[in-house]
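S.K.: First the structure, which I've put down as structure tokens, then a few questions once you've had a look.
The values are calculated or read from the model by the stated rules, or taken from the named source; none is laboratory data. All figures in this text were calculated on a predicted structure; none of them were measured in a lab. Virtual Cβ from ideal backbone geometry, glycine too; neighbours counted across all protein chains shown.
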Ligand SMILES: *Cc1c(COP(=O)(O)O)cnc(C)c1O
């Protein structure tokens, strides 16, 4: 059995078991254009990368109708390299970054969809906004501060742990915040859940999961 056969099968079994309302971002970081194409050929159009350089290298090798999502920490000075084509930036973790995305979107006469990344994990290392910052940014957005950006929801990563209760608490917390903000203006996307915890995330209200290694195998 070839490895390519395997990744298509893994992909199909995951898709078949996802609720139809849950969006799948296939996380293709570190994967070759050939492997991405293999999943594309199964019908997948949304792919997520975490590095601008890597994304820029793969872009010309792959079909135009892929909707690229940036899912990793983005430096302000790199927004200009992706602003023309990126579908969604899932990892907005500072006001400075949001200001720059808005500025670059205007340059390219488009609106860029973003998610605000919220720090829900106990670990210090994870990027993300504090709850108070999320609320402030969303208020500014509602008052018209970022006209070239569409905040379509929130993204969060749970603590890397075997403690399912803790993961569940963190996801439920993010879901509560999502519901709170949605009362001010409806949001569509609650991006939470990766290979190891996406089923828990869906039980907690995720509408969008980001899955890499469960499809491609463990990364090097
Ligand atoms: C790498 C990554 C994923 C996918 O992780 P897997 O465990 O391989 O599914 C999801 N989200 C973010 C932000 C990532 O960096």
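S.K.: Looking at (1) over 16 Å from residue 189 (Cβ atoms); (2) at pLDDT 95 or above, which is the one condition that is false for residue 115?
M.R.: Of the numbered conditions (1) over 16 Å from residue 189 (Cβ atoms); (2) at pLDDT 95 or above, the odd one out for residue 115 is (1).
S.K.: Condition test on residue 12, is it at pLDDT 95 or above, out of contact with any strand residue (DSSP E or B) (no Cβ under 6 Å at 6 or more places or on another chain) and within 16 Å of the ligand (Cβ to nearest atom)?
M.R.: So residue 12 fails the test.
S.K.: Now a separate question. Identify all residues within region 56-94 that are crowded, with 21+ Cβ neighbours inside 10 Å, in contact (Cβ under 8 Å) with a residue 40 or more places away in the chain and in a loop (DSSP other than H, G, I, E, B); write none if there are none.
M.R.: Selection gives 71 alone.
S.K.: Further question: For region 137-220, give me every one of the helices (runs of 4 or more DSSP H) that falls completely inside it and has 3 or more residues that are more than 14 Å from the ligand (Cβ to nearest atom), surrounded by fewer than 21 Cβ atoms within 10 Å (Cβ to Cβ) and modelled with pLDDT of 95 or more. Break it down stepwise before answering.
M.R.: Details: elements: 164-184, 198-203, 213-216.
Answer list for region 137-220: 164-184.
S.K.: Only one of (1) in contact (Cβ under 8 Å) with a residue 12 or more places away in the chain; (2) assigned to a helix (DSSP H, G or I); (3) touching a helix residue (DSSP H, G or I) at 6+ places or on another chain (Cβ under 9 Å) is not met by residue 106, so which one is it?
M.R.: Condition (3) is where residue 106 drops out.
S.K.: Can you list residue pairs whose Cβ atoms sit under 6 Å apart, with the first residue in region 10-30 being at positive phi and the second being assigned to a loop (DSSP other than H, G, I, E, B)? Count only pairs 6 or more apart in sequence or on different chains.
M.R.: 30/219
S.K.: Every residue in region 24-35 that is closer than 25 Å to residue 207 by Cα, touching a helix residue (DSSP H, G or I) at 6+ places or on another chain (Cβ under 7 Å) and outside any loop (DSSP other than H, G, I, E, B), please.
M.R.: Selection gives 24, 26.
S.K.: Which condition does residue 42 not pass, out of (1) without any contact (Cβ under 8 Å) to a residue 12 or more places away in the chain; (2) more than 16 Å from the ligand (Cβ to nearest atom), if it passes all the others?
M.R.: With (1) without any contact (Cβ under 8 Å) to a residue 12 or more places away in the chain; (2) more than 16 Å from the ligand (Cβ to nearest atom) applied to residue 42, the lone miss is (1).
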